[in-house]
Amino acid sequence: MHKLLAGIVDYRRHVRPAYAETFAKLALTQAPDCLMVACSDSRVVPNLFASTDPGDLFVVRNVGNFVPPFERDARNGAAGAAVEFSTEVLGVRDIVVVGHSECGAMRALLGSALPDSAPTLRAWLSLGRPALEHLTDPIAPDLPQHDRLSQLNVLQQLENLRTYPGVAARIEAGKLKLHAWWFDIAHADVLAWHHGRQRFEPIDEPTAG
């Protein structure tokens, strides 16, 4: 906690002056370009590796970067509510799901022990089971199994997103695009899914252009 408090003091002294005008405008409204669904893992920092400013991203973070499939009467659908708010209210034009290497959620899905005192976590991780069914797919065969599962899980979340009526309608109308990214922690690099080559590849200048 001391590190956090010291960070706020440093922010007030050195960072806030440069962003004062930006936040004054954002106090009235927000118009993010993108919904980003990322893992809660402390090593994954979307605003850092995407070099974004305040107001650019509408971010959802949870263990395993899951998007539960659409349920009309869902009561605990925090991720689903964020999907609907960002698309139906804010009108974002892109949704990015970001997985990452060495994900603890993926290791748990592959059999790592979970404490008996974490029933909510155990139930939440069941959202990753559909990705487990694709482990025989020929994707990233050189990666460790938990990292392969992490990439497959990102692709599964795009399928889950398409179950939301508003998302499906916007994709059909050309108003929304879905993207699969994967953050390689050891190399501090971001990869994107290339559908034609059926693999995740580094996002470089030609890709960004």
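The values are calculated or read from the model by the stated rules, or taken from the named source; none is laboratory data. Just so we're clear, the structure is a prediction, and the values are computed from it rather than from any experiment. Neighbour counts are summed over all protein chains in view; Cβ atoms, including those assigned to glycine, are modelled from backbone coordinates with ideal geometry.
Which one is nearest to Gly80 (Cα to Cα), of the residues in the range 160-183 that are within 14 Å of the chain's Cα centre (by Cα) and not in a helix (DSSP H, G or I)?
That would be Leu178.
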Q. From the list Asn47, Asn65, which one is assigned to a helix (DSSP H, G or I) and under 30 Å from Asn160 (Cα atoms)?
A. Asn47
Q: Among the numbered conditions (1) under 20 Å from Leu152 (Cβ atoms); (2) surrounded by 17 or more Cβ atoms within 10 Å (Cβ to Cβ); (3) not hydroxyl-bearing (Ser, Thr, Tyr), tell me where Gly111 comes up short.
A: (2)
Q: Could you list, in sequence order, all residues of the range 61-78 that are buried (at least 22 other Cβ atoms within 10 Å of the Cβ) and over 18 Å from Leu143 (Cβ atoms)?
A: Phe66, Val67
**Q.** Matching option when the condition is in the same structural domain as Gln151 (by TED's automatic domain parsing) and in a helix (DSSP H, G or I), among Ala18, Ala24, Ala6, Ala81
**A.** Ala81
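To keep it simple, each residue is scored yes or no on (1) within 24 Å of the chain's Cα centre (by Cα); (2) at pLDDT 95 or above; (3) not hydroxyl-bearing (Ser, Thr, Tyr).
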| position | (1), (2), (3) |
| --- | --- |
| His2 | no, no, yes |
| Leu5 | no, no, yes |
| Ile8 | no, no, yes |
| Arg13 | no, no, yes |
| Arg16 | no, no, yes |
| Thr22 | no, no, no |
| Ala27 | no, no, yes |
| Cys34 | yes, yes, yes |
| Ala38 | yes, yes, yes |
Q) For the range 160-174, does any single residue satisfy the condition of being at pLDDT 95 or above and either under 16 Å from Gly104 (Cα atoms) or of a type in the set (Ser, Thr, Tyr) (or both)? A) yes
Q: Give the residues of the range 89-147 that are out of contact with any Leu (no Cβ under 8 Å at 6 or more places or on another chain), at pLDDT below 95, in a loop (DSSP other than H, G, I, E, B) and hydrophobic (A, V, I, L, M, F, W, C), sorted by residue number.
A: Ala113, Ala118, Ala140
Q) With Pro17, Pro46 as the choices, which residue is in contact (Cβ under 8 Å) with a residue 40 or more places away in the chain and out of contact with any helix residue (DSSP H, G or I) (no Cβ under 9 Å at 6 or more places or on another chain)? A) Pro46
Q. Pick from Asp94, Asp116: which is more than 30 Å from Gly166 (Cα to Cα) and among the charged types (D, E, K, R)?
A. Asp116
Q.
What are the pairs with Cβ atoms under 9 angstrom where one residue, in the range 106-131, is free of Cβ contacts under 8 Å to residues at least 40 places away in the same chain and the other, located anywhere, is aromatic (Phe, Trp, Tyr)? Sequence gap at least six, or different chains.
A. none
Q) Tally time: how many residues in the range 68-78 are in contact (Cβ under 8 Å) with a residue 12 or more places away in the chain and assigned to a loop (DSSP other than H, G, I, E, B)? A) 3
Q: Working only within the range 85-101, note down all residues that are within 15 Å of the chain's Cα centre (by Cα) and among the charged types (D, E, K, R).
A: Asp94
(Q) Scan the range 47-54 and tell me whether some residue there is modelled with pLDDT of 95 or more, closer than 22 Å to Ala188 by Cβ and either within 15 Å of the chain's Cα centre (by Cα) or of a type in the set (Lys, Arg) (or both). (A) no
